[in-house]
Each structure stands twice: as C-alpha cells, then as structure tokens.
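See below for the structure under consideration.
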Amino acid sequence: MKGLKRRLQQAEAVNGCWLNLGNPLTAEMAGLAGFDWVLIDLEHGAGTEAQLIGQLQGLSATPAAPVVRVESHDRRRIQRVLDMGAEGILVPRVCNVQEAKEAVDALHYPPQGSRGMAKMIRATAFASRFNEYFENAPQNILGAIQVETAEILDHLDAVAALEGVDVLFIGPADLTMSLGIFGQFDHTLFLEAVQATVDAAQKARKQTGILLFNPDDYPRYHGLGMRMIACGSDGSFVAEGARKMAAGLQDRRTRQTQS
C-alpha cells in the first residue's frame, strides 16, 4: 500500500488522472509520470475486470496508488476489485445513505463491514502477507463516494458522517446533467452543490475531490479545500498527443508544398 488514505487524512493534496483504455502499458506510463494516484475506470472505461489485473501489475512498480471506479455499490464488484489489489474504491451513482453504507460496508471485513474473506488473493501477496494486509486494511483502504446525482445532495451530511467514507468525490459532468445544467460549471446550482459537498466533508473531517477538465481550474478547487484532484486520462493524453503531432506534420507539409 502506498499511503493514499493516510496522506488524505493529513489533508495533503494528491494529484491523479483517469485510466480509461484498459491497458497495462498506459497504466504503467501514467504511474511513472508523477501522479500520486490513478483511477482505473471500470464504469465507463474500455477495460473490464479481466483487464484489471494487468493494470494493477503495471502500476505496482510505480509510485502511483491504484484506485478503481467500480460499476456500482454492489458488494461483489467491490470485493473482487479489492482482492485484486486496489488501494481505493470510487463508487459512482450513489443517491442516498443506504447505498453509501452498502458501498463502504463492502470495503471492510467483519465486524466493521461485509467483505468476504479469502487469503489466496493478489492483495495479500497470495497469503504470504495476509496478516499484515488484514490488520492494516482499515487504515489503508480508501473509500470514496461519488457526488454526481441531484438526489445525493439531500443526504451529504449523513453520507459524509458514515464510517468508511473517506472522500466525497464530485463528478462534474454527471452532476451538472442531473441538475439540468449540463456542462455549466459556473452555474449557481453547481457552485452551491460543490460548496455543500465541501461543507459536509469538512464537518465530518473528511476530504473532497473532483475530476477537472482544465488544469487551470486547480487553484479554484484547491482553494475551496479539495485535496483529491484529478485531470486528464490515458485516453485523452494519447488522443491529444496524436492530434498535436498530426497537426504539426500537416502544417509542415503545407509549408513545404507552398515553398
């Protein structure tokens, strides 16, 4: 474990990016790029659980902590990802306290939670480090609940207060869509939702996070108190780099033709 939960508990700002290609090599590249954490996206990304092991293996030799966004708060999905070696879980589409509780219960072994027990798993180095993993799991496993529905805004204080919820993580695109103001990140409704999320987290002594679309927005959200901030993805890095190179070659070809 790479101490992501501890760093956030100490209110350290940790920077991350998304991994949506399902590829172990781009995962490893992102892990070596200087991010504190990376988010393997099983909700919208191209990869499935079948590709998760390879990505986690690619990240294991890098400084970046692996967080995985599962498809839902279903215990079976969360348990499998943890057994594979994820250091944190981001749970999407949570609408109420019951769903949040089911999600965080799945993070931890009884009596704290409902996670099933298995020793011969990758997370425990195939049983060779089981005792160490089992004893330290409550301090190491990060639980993040995604704030991206209008419904959850009525339950922020109660969700933040749950044991096992470490981060309230805002999904701007889905949240603005749910509020009927898609993509309007300066709209009053979105700004009020952001502030309410930060306030709820701070009252519970938890942290907040967000996925940025523009790194220039970093000071704005860091200034609000957010400490788990991501921007970009392996897919966007490849696409943007490819477009930049193609445009550069096109420009040079045009100039050569005209000379």
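What follows draws every value from the coordinates through simple rules; no lab data is involved. Bear in mind the structure is a predicted one, so any value in this text is a computation, not a measurement. With ideal geometry, Cβ positions are generated from the backbone for all residues, glycine too; neighbour counts draw on all protein chains shown.
Using the Cβ-Cβ distance between ALA246 and ASP174 with R0 = 22 Å, the FRET efficiency computed as 1/(1 + (r/R0)^6) comes to roughly 0.10. Each of ILE145, ILE229 was scored by other Cβ atoms within 10 Å of its Cβ. Arranged with the fewest first, they read ILE229, ILE145.
For region 4-258, the alpha carbon positions stretch 74, 47, 29 Å along the principal axes, listed from largest to smallest. Packing, as the average of other Cβ atoms within 10 Å across residues, places the peptides 67-74, 184-191 in the order 67-74, 184-191, highest first.
Each residue in ARG227, ARG93 was given a count of other beta-carbon atoms within 10 angstrom of its own, and listing them fewest first yields ARG93, ARG227. What shape does region 8-67 have by the C-alpha gyration tensor, where a ≥ b ≥ c are the square roots of the eigenvalues, rounded means a/c under 1.5, and otherwise prolate means a/b greater than b/c and oblate the rest? It comes out prolate by the Cα gyration axes. Per-residue ellipticity at 222 nm from helix content only, as computed over the chain with -39500 (n - 2.57) for each DSSP H run of at least four residues, stands at -13500 deg cm²/dmol.
First check a/c for region 172-259, with a ≥ b ≥ c the square roots of the eigenvalues of its C-alpha gyration tensor; if it is under 1.5, answer rounded, and if not, answer prolate when a/b is larger than b/c or oblate otherwise. Taking the square roots of the gyration eigenvalues as a ≥ b ≥ c, region 172-259 is prolate. Here the alpha carbons of region 78-180 define both size measures, Rg and Dmax, at 14.9, 51 Å. Taking a Cβ cut-off of under 10 Å around LEU56, the surrounding Lys, Arg, Asp and Glu residues balance to a net charge of 0, with basic ones at +1 and acidic ones at -1. Shown for MET177, MET117: other C-beta atoms within 10 Å of each C-beta, ranked fewest to most, produce the order MET117, MET177.
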